[in-house]
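Each value in this text was obtained by applying a stated rule to the coordinates, not by laboratory testing. The model shown is predicted, which means the values in this text are computed figures rather than measured ones. Note that each Cβ is placed from the backbone with ideal geometry, even for glycine, and that neighbours are counted across all protein chains shown.
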Amino acid sequence: MAETATSSPIKPAAQAGVGSTPVGRRLIDLPWWFIGIVLVILWAAVGILTRPNFNEAFQWIKVGIVTTLVTSITAYLLAIILGLVTGLGRMSHNVVIRNIARLYVELVRGIPMLVLIFFIAFVGVPAGIDLLHSLGEWFGSIGFTPFANVLAGLENQAVPMLARAIIALAVTYGAFLAEVFRAGIQSIGRGQMEAARSLGMGYGQAMRFVILPQAIRNVLPALGNDFVSMVKDSSLVSVLAVRDMTQIARLYAGSTFRFREAYVTLAVLYLTMTVILSLGVAAIERRLRKHE
Amino acid sequence: MNDVPIIMVKDMHKRFGDVHAVQGVSLEVERGKVIVIIGPSGSGKSTLLRCVNHLETPSSGEIWIEGDLLTTNPHQLNQVRAEIGMVFQLFNLFPHLTVLENVCLAQRIVRKRPRSEAERVGMAQLERVGIPEKAAVYPGQLSGGQQQRVAIARALAMDPKIMLFDEPTSALDPEMIKEVLDVMLALVKDGMTMLVVSHEMGFARAAADEMIFMDDGKIVERTTPHDLFNNPREERTKLFLSQILHH
């Protein structure tokens, strides 16, 4: 490779300047952007910890880290289930299932995430509770009282905003992940399904033991990147007054008028989390490539 | 039961949209017989083979396996397919599983064999195709010929009553064709019922009880290899043979 590169007339740039020595080459190939991000984080961390006002903001906001992570992880796990079911539904031979799956994906795509969060929290969840109430009445009318009483006793207020926020994020990301899973399944050659079926496996068995293990492996990097996005988008749940990092920063800024301290600290915290997670995703990607 | 043909195809048609791939084929295969199907590409020979185990659903006509008419009932199809081994042109091994796992997977979830039994049967079949030493390796590390032999072992591990071969050597480098054909010849010797789509004329001469020449979705000629090669009756057969036996 190296011989062809140096003897190639198309690459004169590589023969002059820093790039021509091995050390220079290595310097050019370093991920400078990444070093930049790490330096920004370090510089900000020192600033936050040494300046009293910033430090106070940090002490407040760090309380929300757990809520941010719990919200993101729970919503993401739900979204994976929802996405897998929907992704499989999109490829179903059943017209009804296929269209329901498509309808869900397109509905979610057509509504801004922030609006969807309001909608699910203040329209979707109350409607769901109403539905359970009528289901309870129906159980009561056929004499199934214990079940009826439980359902009738459900209160709208009993569903905390955190749960509504998680449902809203899961519904949104479920639609994104459905497309990821669908692409992953479609990336597996048709011969794999045929080989599995010719051995007598049913469709479900072939999916579970042959197609999905390969498909999920193929989309693992995409799933990782979507989790990073989920952590960032979880900041939207602050509009439901869920006390995540963003909400606490807003409260702090509002009560002290220290907007700069609050939002610099908040941004650095998100950046730190996403950089660490992205490194994890990159590590997974590298491991997968090595196994190929 | 043994006098019933193990495979019966009755006036089977298969259409893909406007393409009429198989146009009214009828065929009976006796137990233990080896039939080699030849014909130009697009003549419907692979489609015929894929309809026998309903990998493609025939547009009309009937397929009978061991005296049972195939329906579209998934449960019945799964049971019937477990009895019919199929070997593909592109091997279609499961790349995420080791060779032994490839050979054991269907045994375990379709035949419900416990792991120890499945592995015993799997190793025996890998020995039969001559590569027990590759049991722990992933398919990606094998040559094409080795992959195809594993694919044959995977099918055999289900104890099939019929084996279908869909151009098993077409994707192989020339030096690997023989090792696959040798495995197939050994199967013939063991009395396996085989339906083989292949242009390996040496194999056909040595192993086929009968040969079928297909063209344009129909069976043009069905006869012994000797008669097909030495005095083909139909003009189309002569033309095709002159093209593939050009040397």
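Annotations for the structure displayed:
- Pairs beyond 18 Å (Cα-Cα), from B:LYS14/B:LYS161; B:LYS45/B:LYS218; B:LYS14/B:LYS238: B:LYS14/B:LYS161; B:LYS14/B:LYS238
- For segment A:182-233, the Cβ-based charge dipole about the Cα centre amounts to some 120 debye (Lys, Arg positive; Asp, Glu negative; other atoms uncharged).
- Taking 15 Å as the straight-line reach from the Cα of B:LYS178, the aspartates and glutamates in range (excluding those fewer than 8 positions away in the same chain) are B:GLU167, B:GLU200.
- Each of B:ASN230, A:LEU107, A:VAL210 was placed along the dipole of the protein assembly as shown (beta-carbon charges, centred on the mean Cα), and the one lying farthest toward the positive end is A:LEU107.
- The per residue volume of the convex hull around the alpha-carbon atoms of chain B is 134 Å³.
- Relative contact order, whole percent, for chain B stands at 26, derived from Cα pairs under 8 Å and 6 or more residues apart.
- Its Cα centre serving as origin, segment A:50-291 has a Cβ charge dipole (Lys and Arg +1, Asp and Glu -1) of approximately 920 debye.
- For segment A:50-291, with +1 on Lys and Arg beta carbons and -1 on Asp and Glu, the positive-most of A:VAL219, A:LEU88, A:ALA57 along the dipole: A:VAL219
- The relative contact order of chain A, computed from alpha carbon pairs under 8 Å that lie at least 6 residues apart in sequence, is 27 percent.
- Taking a straight line from the alpha carbon of B:LYS10, these aspartates and glutamates sit under 19 Å away, with near neighbours fewer than eight places off in the same chain left out: B:GLU28, B:GLU30, B:GLU56, B:GLU62, B:GLU66, B:ASP68, B:GLU210, B:ASP215, B:ASP216, B:GLU221.
- Cα-based shape type of chain A, given that a ≥ b ≥ c are square roots of the gyration tensor eigenvalues and the cut on a/c is 1.5: oblate
- Gap separating the Cα centres of segment B:3-31 and segment B:184-222, nearest whole Å: 16
- Here is the list for segment A:50-137: trypsin sites (Lys or Arg not before Pro) lying in DSSP coil, each with at most 16 other C-beta atoms within 10 angstrom of its C-beta, are A:LYS62.
- Qualifying trypsin sites (Lys or Arg not before Pro) in segment B:87-135, where qualification requires a DSSP coil assignment and no more than 11 other C-beta atoms within 10 Å, comprise B:LYS112.
- Net dipole in debye of segment A:31-160 [+1 Lys, Arg Cβ; -1 Asp, Glu Cβ; about Cα centre; nearest 20]: 500
- Among the GluC sites (Glu not before Pro) in segment A:116-187, those placed in a DSSP loop whose Cβ has at most 11 other Cβ atoms within 10 Å are A:GLU155.
- Alpha-carbon centroid distance for the pair segment A:163-239 / segment B:72-143, whole angstrom: 27
- Within 10 Å of each Cβ in A:199-209, the average number of Cβ atoms from other chains: 6
- Positive-end residue, chain B charge dipole about Cα centroid, Cβ charges, pick of B:SER41, B:VAL183, B:LEU239: B:VAL183
- Contact order, relative form, for segment A:134-292: 19 percent (alpha carbon pairs under 8 Å, 6 or more residues apart, mean separation divided by residue count).
- Taken residue by residue and averaged, Cβ atoms of other chains lying within 10 Å of the Cβ of B:91-101 number 4.
- Computed from backbone phi, the HN-Hα couplings of segment A:199-215 come to 8, x, 6, x, 4, x, 5, 4, 4, 5, 9, 10, 7, 4, x, 6, 5 Hz, rounded to whole numbers (Karplus: 6.51 cos²θ - 1.76 cosθ + 1.60, θ = phi - 60°; Gly and Pro given as x).
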